[in-house]
Amino acid sequence: MLPISGTQLTNLIPQKPPFVFIDSLNEVSENTCITTFTFKADNVLCENGKLILAGLLENMAQSAGCKMGYEDFMESKKARRGFIGEVKNFSVSRLPNADEQLTTEITIEGKVFGAVTLISGKVFVGSEQISSCNMKVFFEPEEPTT
C-alpha cells in the first residue's frame, strides 16, 4: 500500500491544495512515519526561492497528521483535523530551496488523553538534517459511532 501520494494522500489529511506540504507517505510504523515533499517557487510559503520557517513547521505537523490519518484510514475512520499547540527546541540550519526534496521523519513521543500527540520531527535534504523540533499537536476527538 505504501508509498501513498496524490488523491489518496490528501484523503489522509484535512488540508487541501495549495496548503498541502507533503507529497508522499513513504513509511509508517507504530511510532514513526517518513514523508517527502518537493515544493515549487510559487508555493504559498515560499519567499525568494526558499521555504520559510512556517513551511517547515507545517511540513512536520502535516507529516504527523498524515500518520494519524493513515491510522484512522486503516480503522475505517475519517481523517481528523489537527492543530499545532506548542513548538519547542525548533532549530533550522538552513532554509530549503525550491525543487529540493524534503524527507521528514516524525517520531511519536507520547499521547495525552487521546487528543494531544507529542512528536519530534526532523527534516532532511538528502542526508543533511536542516531542521528539527518537538511539537504538541492537538487532534479533534473521533466522531462518535452510532
In the range 27-68, the residues that are of a type in the set (S, T, N, Q), without any contact (Cβ under 8 Å) to a residue 60 or more places away in the chain, at negative phi and surrounded by fewer than 16 Cβ atoms within 10 Å (Cβ to Cβ): SER29
Within the range 49-92, how many residues are of a type in the set (Phe, Trp, Tyr), under 14 Å from PRO14 (Cα atoms) and in contact with a strand residue (DSSP E or B) (Cβ under 6 Å, 6 or more places away or on another chain)? 2
Restricting the search to the range 119-135, which residues are surrounded by fewer than 18 Cβ atoms within 10 Å (Cβ to Cβ) and among the hydrophobic types (A, V, I, L, M, F, W, C)? VAL125
In the set GLU71, GLU105, GLU100, the lone residue that is at pLDDT below 95, surrounded by 15 or more Cβ atoms within 10 Å (Cβ to Cβ) and either within 23 Å of LEU51 (Cβ to Cβ) or out of contact with any Pro (no Cβ under 7 Å at 6 or more places or on another chain) (or both) is GLU71
Considering only residues of the range 74-88 that are over 18 Å from LEU118 (Cβ atoms) and in contact with a helix residue (DSSP H, G or I) (Cβ under 7 Å, 6 or more places away or on another chain), which is surrounded by the most Cβ atoms within 10 Å (Cβ to Cβ)? ALA79
Would you confirm, using the coordinates I've provided, whether PHE138 is part of a strand (DSSP E or B), at pLDDT 95 or above and of a type in the set (Phe, Trp, Tyr)? no
Only one of these is basic (Lys, Arg) and farther than 14 Å from GLU140 by Cα: LYS77, LYS50. Name it. LYS50
Write out, first by first residue and then by second, each pair whose Cβ atoms fall under 9 Å of each other, whose residues are 6+ apart or on separate chains, and whose first residue, in the range 112-128, is under 14 Å from GLY65 (Cα atoms) while the second is in a strand (DSSP E or B) and acidic (Asp, Glu). THR117/GLU109; LEU118/GLU109; ILE119/GLU109; SER120/GLU105; SER120/GLU109; GLY121/GLU105
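The values are calculated or read from the model by the stated rules, or taken from the named source; none is laboratory data. Values in this document were obtained by computation on a predicted structure and should not be read as measured data. Reconstructed Cβ throughout: ideal geometry from the backbone, glycine too, with neighbour counts over all protein chains shown.
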